[in-house]
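Structure first, commentary second.
The values are calculated or read from the model by the stated rules, or taken from the named source; none is laboratory data. Remember, it's a predicted structure, so these values are computed and weren't measured experimentally. Cβ: placed from backbone, ideal geometry, glycine included. Neighbour counts: every protein chain shown.
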Amino acid sequence: MQAQHLARQLATGGAPEILDVRSGLEYRSGHIPQALHAPLTKILLRLVRLPQDKQQLIVITCEHGPRAQLAMRVLRGLGYVRLELLEGHMTGWRRAGLPIEKRTK
């Protein structure tokens, strides 16, 4: 999914579920608004709460792409069917000047 398209969906309240699979430090330093923090390591170990609806559209992002691609494969193996990668990932999102939230905890 293109970053600008996702940003428009966020602005209008119609955004899909967004999974940010980066580390806690990366997530806290800046993430897409409404993104669920689901670190790849916790997905692999089944230690993260994932959306119940496996038919729901989920957009997956990391910093550059490799972790998001692996998370997509794992989620497909768990039965999720509507998965998309965020084009450009977080690097592209920031370069486009799109909204970022930061958490200190």
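For region 31-55, the set of residues classified as in a loop (DSSP other than H, G, I, E, B), more than 11 Å from LEU19 (Cβ to Cβ), in contact (Cβ under 8 Å) with a residue 24 or more places away in the chain and more than 11 Å from the chain's Cα centre (by Cα) consists of LYS54, GLN55, listed by residue number. Among the residues of region 72-94, those identified as out of contact with any Leu (no Cβ under 9 Å at 6 or more places or on another chain), free of Cβ contacts under 8 Å to residues at least 40 places away in the same chain and within 20 Å of SER23 (Cα to Cα) are ARG73, HIS89, THR91.
Pairs are defined by a Cβ separation below 8 Å, a sequence spacing of at least 6 or placement on different chains, a first member in region 59-71 that is more than 17 Å from GLN2 (Cβ to Cβ), and a second member that is assigned to a helix (DSSP H, G or I) and charged (D, E, K, R); the pairs so defined are GLU63/GLU26. Among the residues of region 88-105, those that are out of contact with any helix residue (DSSP H, G or I) (no Cβ under 6 Å at 6 or more places or on another chain) and either surrounded by 13 or more Cβ atoms within 10 Å (Cβ to Cβ) or at pLDDT 95 or above (or both) comprise HIS89, MET90, THR91, ARG94, ARG95, GLY97, PRO99, ILE100, GLU101. Once region 56-70 is narrowed to residues that are part of a loop (DSSP other than H, G, I, E, B) and either modelled with pLDDT of 95 or more or not small (Gly, Ala, Ser) (or both), the residue that is nearest to the chain's Cα centre (by Cα) is CYS62.
Of all the listed residues (LEU50, LEU40), the sole one being farther than 18 Å from HIS89 by Cα and at pLDDT below 95 is LEU50. Working only within region 72-87, note down all residues that are assigned to a loop (DSSP other than H, G, I, E, B) and surrounded by 18 or more Cβ atoms within 10 Å (Cβ to Cβ). Correct list: TYR80, LEU86.
Each residue in region 37-47 was checked for being on the phi < 0 side of the Ramachandran plot, surrounded by fewer than 17 Cβ atoms within 10 Å (Cβ to Cβ) and not polar (S, T, N, Q), and 4 of them qualify.
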